[in-house]
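What follows is a set of notes on a single structure, which appears directly below.
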Amino acid sequence: MAKLADISIRTVERPDLHLLRTIARATFTEAFSARNSASDMNNYLAVSFSPEKLTAEFENPGSLFFFAEEGPEVAGYLKINWGAAQTEALLNNALEIERIYVLSGYQGRGIGKALFEKACSIAREKEMDAIWLGVWEKNTAALQFYRKHGFVEFDKHLFRLGEDEQTDLLMKLEI
């Protein structure tokens with residue numbers, strides 16, 4: 001098992017977009033395919049992680065992507081948004097963690113925590129008042145992680161995965 005010291009976090013650059021798409025699709029599939037239909041998953045992956053959509057998200061000045069790397073291997077990634085780039089205007093002066101995913105083979109090594117700490121560091125640098133995110137109500141491991149780190153539920157919204165409407169719990173952390 002790797003120690004946290006073996007993990008590095010770096011900003012995703014334009015030449016990394018193909019790798020970002022590969023990691024995004026893989027981590028989302030690992031996280032949710034067992035509890036969703038293949039057709040819903042395929043539909044969501046095709047739309048949400050298309051090269052065009054990821055390029056547009058990458059080019060948004062209010063969004064940043066980061067890779068977590070263990071040695072030369074990408075183990076996970078983080079996407080944060082602020083200002084008009086947020087998926088919803090819910091809180092004033094807040095940073096959104098839109099995506100934080102770690103490949104299953106790297107889980108339990110502190111990588112998710114390292115990505116989370118990167119988001120917190122940026123929120124402090126930007127003098128944000130809070131960090132918020134949405135978590136599928138059935139993703140008990142993620143809910144436990146965020147609660148452990150001080151997040152509290154403040155609302156919920158619908159998330160469409162293909163034809164399936166799901167409930168995301170909205171959580172925030174005052175900083």
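Some observations on this one:
- Extension gain (nm, one decimal) between E165 and S37, 0.36 nm per residue minus Cα-Cα: 44.8 nm
- Note on D129 and N60: their simple-model spin labels are 2.2 nm apart, each label 7 Å out from Cα toward Cβ.
- Label-to-label distance for H149 and S121 is 1.3 nm, based on points extended 7 Å past Cα in the beta-carbon direction.
- Here's the picture: charge each Lys and Arg Cβ at +1 and each Asp and Glu Cβ at -1 in the chain, and of I23, A75, Q86 the one pushed furthest to the positive end of that dipole is A75.
- Once the Cα-Cα distance is subtracted from the 0.36 nm per residue extended length, the A26 to E73 segment shows a gain of 15.5 nm.
- Report note on the peptides 151-162, 80-91: ranked by the mean count of other C-beta atoms within 10 Å, highest first, their order is 80-91, 151-162.
- Between segment 118-160 and segment 61-82, the alpha-carbon centres lie 16 Å apart.
- Tensor-based shape of the chain (alpha-carbon gyration tensor, a/c under 1.5 rounded, otherwise prolate or oblate): rounded
The numbers here are math on the coordinates, done by the rules we state, and not lab data. Computed from a predicted structure; not experimentally measured. Here Cβ is always computed from backbone atoms with ideal geometry, including for glycine, and neighbour counts include all displayed protein chains.
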